[in-house]
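To start, the structure under review is shown below, and the notes come after it.
The values are calculated or read from the model by the stated rules, or taken from the named source; none is laboratory data. Values in this document were obtained by computation on a predicted structure and should not be read as measured data. Positions of Cβ are generated from backbone atoms using ideal geometry, with glycine treated the same way; all protein chains shown enter the neighbour counts. Accessible surface is based on the protein model in full, side chains and every heavy atom, while ligands, DNA and RNA are left aside. Shrake-Rupley method; radii C 1.70, N 1.55, O 1.52, S 1.80 Å.
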Amino acid sequence: MALLAEHNITATPGRRVVEVYDADAYLGDEAALDAAETQVVAGNGYHLYLFSLQPDMKVQVTIRIWDTPPALPAEREGHVDISLESETGTLVIGQLDRGPAADLALPRPGVYEGHAWWINRQAAADYYDTTLGQLTDESPDGWLTEAWNSCPVTERYVLDLAYSREPEPVDDEDV
């Protein structure tokens, strides 16, 4: 298996969510968003939601494109199989209530399949909760922001994907 492309994006999980979607997939999906709360990563084929346990500290999203998806790493906290269709060949990484963090070009438009896995999700949430518990009325201005920026772990989500097939043809009546 060969790594064809790797993209590392830093995003803040607005309302605890980071999105990954095709540049033309503007509409969200409440059912997929609800599923992400229990599965951590869920989607509808065009839109993926990554659900963090905290809403304010930056997370790292890594999207890797392979010729075939690699085996899952042993150190992962969890994983789920995913499929993502991109008609445009451009993915947007969105911060749910904060706008796009980045966009990236795929090697070509199409359906990409593989798995998502994550690490340090719980450790980041524990740090977040502990830090909020230490906040007092006497805490200096900027203390909380500095604490978020000083988190000792990086919450990370990795999408390991491989091209599967051409995108579904668009019906002219749907446009």
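Annotations
- Ordering 50-60, 100-110 by mean Cβ neighbour count within 10 Å, with the highest value first, yields 50-60, 100-110.
- With θ taken as phi - 60° and the Karplus curve 6.51 cos²θ - 1.76 cosθ + 1.60 applied, the whole-hertz 3J(HN,Hα) list for segment 132-148 is 4, x, 8, 6, 10, 5, 8, 4, x, 4, x, 4, 5, 4, 5, 5, 4 Hz, x standing for glycine and proline.
- Normalising by residue count, the chain has a Cα convex hull of 118 Å³ per residue.
- Amide H contacts under 5 Å for TRP66, placed H, 5+ residues apart: LEU4, LEU161, ALA162, TYR163
- The equivalent ellipsoid of segment 55-154 has semi-axes of 34, 18, 9 Å, largest first, where each one is the square root of 5 times an eigenvalue of the Cα gyration tensor.
- Here the accessible area is traced with a 1.4 Å probe on the protein chains. For segment 1-85, carbon and sulfur cover 49 percent of it.
- Over all other residues within a Cβ to Cβ distance under 12 Å of LEU72, the charged ones net out to -3, with Lys and Arg as +1 and Asp and Glu as -1.
- Amide H contacts of TYR46 (H built 1.01 Å from N, under 5 Å, at least 5 apart or other chain): GLU85
- Segment 100-140, dipole about Cα centre (Lys/Arg Cβ +1, Asp/Glu Cβ -1), debye to the nearest 20: 340
- Each other residue within a Cβ distance under 9 Å of GLU87 adds +1 if Lys or Arg and -1 if Asp or Glu, for a net charge of -4.
- Rounded tilt (10° steps) of 30-39 against the dominant C-alpha axis of the chain: 60
- Between ALA31 and ARG15, the contour length at 0.36 nm per residue exceeds the alpha carbon distance by 4.2 nm.
- Mean residue ellipticity at 222 nm, helices only, the chain: -5500 deg cm²/dmol; runs of at least 4 DSSP H residues each add -39,500 (n - 2.57), and the sum is divided by the number of residues.
- For segment 83-104 versus segment 1-55, the spacing of their alpha-carbon centroids is 8 Å.
- Dipole of the chain [Lys/Arg +1, Asp/Glu -1 at C-beta], most positive-end residue of THR90, GLY133, THR12: GLY133
- For VAL17, distant residues with modelled amide H under 5 Å away: SER52, LEU96
- Heavy-atom accessible area per residue - segment 110-161, 1.4 Å, Å²: 50
- Modelled label reach - ASP97, point 7 Å along Cα→Cβ, segment 45-77 residues with backbone N closer than 19 Å: 49-59
- Estimated from the Cβ-Cβ distance and a Förster radius of 22 angstrom, the FRET efficiency linking THR154 and VAL80 is about 0.65.
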